[in-house]
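**Student:** Next up is a structure, given as structure tokens.
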Amino acid sequence: MNLPEATIETHRNGGKLSSISAIMPVWMKKEEDGHTKVIIPLLGLTTWAASENDVEAAASEAIQSFCMAAEKHGLGVDEELKALGWDAEETSPKHGLLSHTTSDELLQQVMQTADQFAFSQLAIC
Amino acid sequence: MSDINYPTVDIMFIKEQLESCPKFISGSYFKVGSTHNFVKIGKQPLFKRLVIVREDHERQVNYLQSVGIAANYGFLTELMQWLEVNRSWIDGAYSANRP
């Protein structure tokens, strides 16, 4: 049984997504123009940071944006994450837990090259 | 920090261009912190339809991000014109203003 490399916890109030917490691998790459590209493959997102110190903020905002867009213009966070290969461990009206696990050995090794970030209770508006 | 050899682009220019692009759901624009979001029309999963533009602390979008977005959404010519007018910057050219 492989350990998940990423988990997302969703909290809902009256059916509406209120916050999420996540543990997620993030890759960053300083580009030619001095800014840093921030890649979150498990959510299919790419964003930009002004510097390494700005990466966490960039990633947090991108995750919040993904969730808000998923709720408003998609099928909801849980369904949109399934489309990205996430598994729903638990879904209840107030709380959801999803994880992403790779069984492919090569991908597991690639995952080791990321920086693991923990995002705690990101507010969803 | 930005590399002085590359210009930056005002976020408002990028935002205006994307808001007038017909590929996006009208009114889908929203902002989270320094992150500007636009959602494309279509039936694909959301992750393929979400377009993120991130500004820096001076309300600027870095060069590589700007060019990538402009190329994908059909305003590369307008971007290059904007850079020439607003940043005295011509792609591939030497500028008398360079140190």
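The values are calculated or read from the model by the stated rules, or taken from the named source; none is laboratory data. Worth saying up front: this structure is predicted, and the values here are computed from it rather than measured. Note that we place each Cβ from the backbone using ideal geometry, even for glycine, and neighbour counts take in every protein chain shown.
**Student:** Within segment A:54-84, can you find the residues that are surrounded by 21 or more Cβ atoms within 10 Å (Cβ to Cβ), part of a helix (DSSP H, G or I) and not hydrophobic (A, V, I, L, M, F, W, C)?
**Tutor:** Hits for segment A:54-84 are A:E61, A:Q64, A:S65, A:E80.
**Student:** Which condition from (1) in contact with a Gly (Cβ under 9 Å, 6 or more places away or on another chain); (2) buried (at least 16 other Cβ atoms within 10 Å of the Cβ) is the one that A:S51 breaks?
**Tutor:** (2)
**Student:** Could I ask something else about it? Please tell me if A:E89 is loosely packed, with under 15 Cβ neighbours inside 10 Å and either over 17 Å from A:A6 (Cα atoms) or within 8 Å of chain B (Cβ to nearest Cβ) (or both).
**Tutor:** Answer is no for this residue.
**Student:** So if I check each of B:Q60, B:Q65, which one is modelled with pLDDT of 95 or more, buried (at least 22 other Cβ atoms within 10 Å of the Cβ) and under 11 Å from the mean Cα position of the chain (by Cα)?
**Tutor:** On the way: B:Q60 fails: buried (at least 22 other Cβ atoms within 10 Å of the Cβ).
Checking each option against the conditions leaves just B:Q65.
**Student:** I'm told B:V39 meets every condition in (1) within 10 Å of chain A (Cβ to nearest Cβ); (2) surrounded by fewer than 20 Cβ atoms within 10 Å (Cβ to Cβ) except one. Can you identify the failing condition by its number?
**Tutor:** Among (1) within 10 Å of chain A (Cβ to nearest Cβ); (2) surrounded by fewer than 20 Cβ atoms within 10 Å (Cβ to Cβ), B:V39 violates only (2).
**Student:** Being in contact with an Asp or Glu (Cβ under 7 Å, 6 or more places away or on another chain), among the hydroxyl-bearing types (S, T, Y) and more than 10 Å from chain A (Cβ to nearest Cβ) narrows it down to one of B:Y29, B:Y73, so name that one. Talk me through it step by step, then tell me what you get.
**Tutor:** Values: B:Y73 fails: in contact with an Asp or Glu (Cβ under 7 Å, 6 or more places away or on another chain).
Going through B:Y29, B:Y73 in turn, the sole match is B:Y29.
**Student:** For segment A:58-71, check the following and say yes or no: at least one residue is charged (D, E, K, R) and facing chain B (nearest Cβ under 7 Å).
**Tutor:** So the first thing to find is which residues in segment A:58-71 are charged (D, E, K, R), and the list is A:61, A:71.
Cutting the leftovers down to facing chain B (nearest Cβ under 7 Å) gives us A:61.
Yes, segment A:58-71 contains at least one residue that is charged (D, E, K, R) and facing chain B (nearest Cβ under 7 Å).
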